[in-house]
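As structure tokens, the structure follows; a few thoughts come after it.
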Amino acid sequence: MNTQDVKQLKSSDLYEAILSEIRKIVPIKMCEDDQEYEYLDLNFALEKINKANLTIQEIEDFMTTQKENLISYSVNKINNYVELGDEYPEGEEPDPDDDYEDEEINLGYSKFFVLTNTLEYIMAQKGKTELVKYLKRVGIPYAAKYAKQIITDFVPDSD
């Protein structure tokens, strides 16, 4: 598996159809595809797939058979996601008097959010333990708390 495989998945009719359905339900801003940074996105996506120990075929099969659940999961996350907060080492927390919100720029969602949600959903269906392991491997802060939120709020059929 390589970045070309990931690129083909991202541009597939199935992937585009899922993205389109999500955007019909929840009008979200999408960031522009930047060719200069595409290799970074592709490599990051490939790394996530590898850390989930999945193949492109397994992901495509899941997207095909669980399309409606994946769309529902993605919409629920967009509508209901509560940030867990940034993780800062003790003593390095940002100064509460600093107003970083004025400096934030919302470039929109990357098309890869569908892949990220797919991987989370697949791992959640394998159970909380597998989801936590995966989230830790991809560097999600507070992985256990995030896994619990995913399973409780978004993937009720998992254990």
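Each residue in Ser12, Ser74, Ser20 was given a count of other beta-carbon atoms within 10 angstrom of its own, and listing them fewest first yields Ser20, Ser12, Ser74.
Here the simple spin-label model places points 7 Å from the Cα toward Cβ, and for Asn43 and Arg137 these points are separated by 2.0 nm.
Between Ile56 and Ser20, the distance separating the two model label sites (each 7 Å from Cα on the Cα→Cβ line) works out to 2.1 nm. Judged by the gyration tensor of its Cα atoms, with axes a ≥ b ≥ c, segment 1-61 is oblate; a/c meets the 1.5 cut and b/c is at least as large as a/b.
Close amide H contacts of Met30 (hydrogens built in the peptide plane, cut-off under 5 Å, sequence separation of 5 or more or a different chain): Tyr109. For segment 1-57, applying the loop criterion from DSSP together with a ceiling of 15 other beta carbons within 10 Å to the trypsin sites (Lys or Arg not before Pro) yields Lys29. A simple spin-label model places pseudo-atoms 7 Å from Cα toward Cβ; at Met1 and Lys67 they are separated by 2.2 nm. Cβ crowding within 10 Å ranks Phe44, Phe154 as Phe44, Phe154, fewest other Cβ atoms first.
Computed from the coordinates by the stated procedures, all read-outs in this text should not be read as laboratory data. Note that the structure is predicted; figures quoted are calculated from it, not measured. All Cβ positions, even for glycine, are placed from backbone atoms using ideal geometry, and neighbour counts span all protein chains on display.
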